[in-house]
Amino acid sequence: MIKIRSLRARIILINSGILAAVLLLFSVMVYYRFKHHVEAAEQIELEQDVRRVSGHVLENYQAWQSHGLEEKLDAYTPPDGSGHYLSIKDSSGRIIYQSRDVRWRALLAQPSFVPPSVGQFESVRGERPLTILHASYRPPNGPQFDLLAASSTRNSDALSGSVFLTLVVLDPLMLLVASVIGILLMDHELRPVMTLRSQADSVGRGGLGSRLSIPETGDELESLGHTLNEMIERLEDALAYNMKYTEELSHEIRTPLAIIRMEIEELAELPDVSGVVQSRAGSALEEIAGLSTMIDRVLSLARLDSGGDLVPFVRLDLSPLVAEIIEQMRLLYEVQGVTVRLNASESAWVMGDGMQLKRAIANLLGNAVKYTLRGGSVEVDIHTNSRAVVMSVRDTGIGISEADLSKIFIRFFRTSAASTSARSGFGLGLAMVKTVCEQHGGSISATSTMGSGSTFTVSLPVAS
Ligand SMILES: Nc1ncnc2c1ncn2[C@@H]1O[C@H](COP(=O)(O)OP(=O)(O)OP(=O)(O)O)[C@@H](O)[C@H]1O
Ligand SMILES: [Mg+2]
């Protein structure tokens, strides 16, 4: 199947367009050259006719005049429909011979008929197309003769017509054959490009570790493959650096945090500490715990980016996995006063890392509950089509504004409704969900109406 906007389609279209133009030009040239040659041959034949008549008959006009002139001339323009006609007048304008053909005579008798100038040819179109030559001849010591010789162009017209027809049939046929061959060749030539593309597409899913296998074509394709591999290497270095940097940073922060926490705990446990100080120490400890969680999550996101946290994919059914997550989160729903329902009548097989998928789905379900008011509901729907397993999480929560919808997958972004409310969070959950989906070859999207709820839809390639 050729996509109209594909490179292949464009090249084939341009190629076929150029070929069509060249064929058209070539055919027009061939046709007119052929027609011109046929007409020239016809004129030469007419001139030879006139020369024969002049040399053989009119030269001896005096001798033939009284006897046999008509028969002699009839021999040159036989009245058997051979398509040759003749009319001869003497210097006084008297017709001394005219071919017997009725229509030829009728043509000459027409008042509108004007013969071409002497020495010139003229084409007469119509029911019986003719080429007419006007000539004059004076034999040595004889009177001047005026000759009108004509020959039918029917045969040459038919010949030109058949050449025209051949070209009209052959041109599209040649174009079709050339286009089909072009498509097949293009398919063959572009196959390594498609292979590179699909390889490049799978690089990054589950880490950058793999490299493209480069076709040894010795052309631009091979050098493109090398360039892509170098780019993947640079990307890998950057991600590894990012992870190392994040790891070091989190270690650097974690250690003093642990010390601060210990010291605050010790301070709070001192016997002479007042209730106010104890409560302040408690909230400081809460902040420290939050900060530690955030550091853990930033680190885990960095690991996810570099593919470090993913294990080899296995075939797994999403339906029981989601049912299990809902079951584990039941207490949370009950505390929040939100009901959760799962619609998953069929199995939904995908290839993936169960642990990461579980974390991503738990995050979506966690959000749905977190941003839904008491008495609200969350509905999870799983269905499978020929290409994907689609899971949607629909809540009747606070909703997300149109402007915020495009930002919620950005790291650390929280809507003002979320950040000003008591709902805690770092704005990292959806970024993680998106990364996990993409690393599984899938995607996530969201729709929402402020005040009435949101729907998050995850789509993952169905496992074969
Ligand atoms: N179901 C939802 N309904 C309304 N708003 C939502 C919903 N899910 C996400 N959001 C909005 O998108 C923002 C980003 O979500 P995300 O899960 O990334 O972060 P978070 O829940 O705030 O924190 P955490 O890092 O703990 O997950 C949230 O702060 C919230 O504003
Ligand atoms: Mg969240």
Counting Lys +1, Arg +1, Asp -1, Glu -1, what net charge surrounds residue 264 among other residues with beta carbon under 13 Å of its beta carbon? -4
Using +1 at the C-beta of Lys and Arg and -1 at the C-beta of Asp and Glu, which of 277, 301, 229 has the Cα lying farthest in the positive direction of the dipole of region 220-305? 277
Multiply the residue gap between residue 402 and residue 102 by 0.36 nm, knock off their C-alpha separation, and tell me the result in nm, one decimal place. 98.9 nm
Simple label model, 7 Å out from Cα along Cβ direction - residue 345 to residue 174, nm: 6.2 nm
I'd like the FRET efficiency for residue 263 and residue 6, computed as 1/(1 + (r/R0)^6) with the beta carbon distance as r and R0 of 56 Å, rounded to 0.05. 0.30
Pairwise Cα inverse-distance average, inverted: Kirkwood Rh of the chain (Å): 32.0 Å
What are the lysines whose alpha-carbon lies under 30 Å from the alpha-carbon of residue 72, with same-chain residues fewer than 8 places away excluded? 89
Quick one: of 244/370; 244/407; 407/434, which pairs are farther than 21 Å apart, Cα to Cα? 244/370; 244/407
Distance in nm between residue 255 and residue 419 label points, each 7 Å along Cα→Cβ, equals 3.2 nm
Under the rule of -39500 (n - 2.57) per DSSP H run of 4 or more residues, summed and divided by the residues of the chain, what mean residue ellipticity at 222 nm is obtained, to the nearest 500 deg cm²/dmol? -18500 deg cm²/dmol
For a Förster distance of 56 Å, can you work out the FRET efficiency between the beta-carbons of residue 63 and residue 18, rounded to the nearest 0.05? 0.25
Give the peptides 347-359, 105-117, 136-148, 316-328 in descending order of average Cβ contacts within 10 Å, highest first. 347-359, 316-328, 136-148, 105-117
Dipole magnitude of the chain, debye to nearest 20 (Cβ charges: Lys/Arg +1, Asp/Glu -1, about Cα centre): 1280 debye
Whole-Å distance linking the alpha carbon centroid of region 233-253 with that of region 279-350 is 24 Å
Rounded to two decimals, what is the ratio between the C-alpha radius of gyration of region 7-160 and 2.2 N^0.38 Å? 1.46
Calculate the spin-label point distance for residue 157 paired with residue 284, positioning each point 7 Å from the Cα along the beta-carbon direction, and give it in nanometres. 11.3 nm
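Every number here is computed from the coordinates shown, using simple stated rules; none is lab data. This one's a predicted model, so the numbers in the text were calculated from it and none came from an experiment. In this analysis, Cβ positions are derived from the backbone assuming ideal geometry, glycine residues included, and neighbour counts consider all displayed protein chains.
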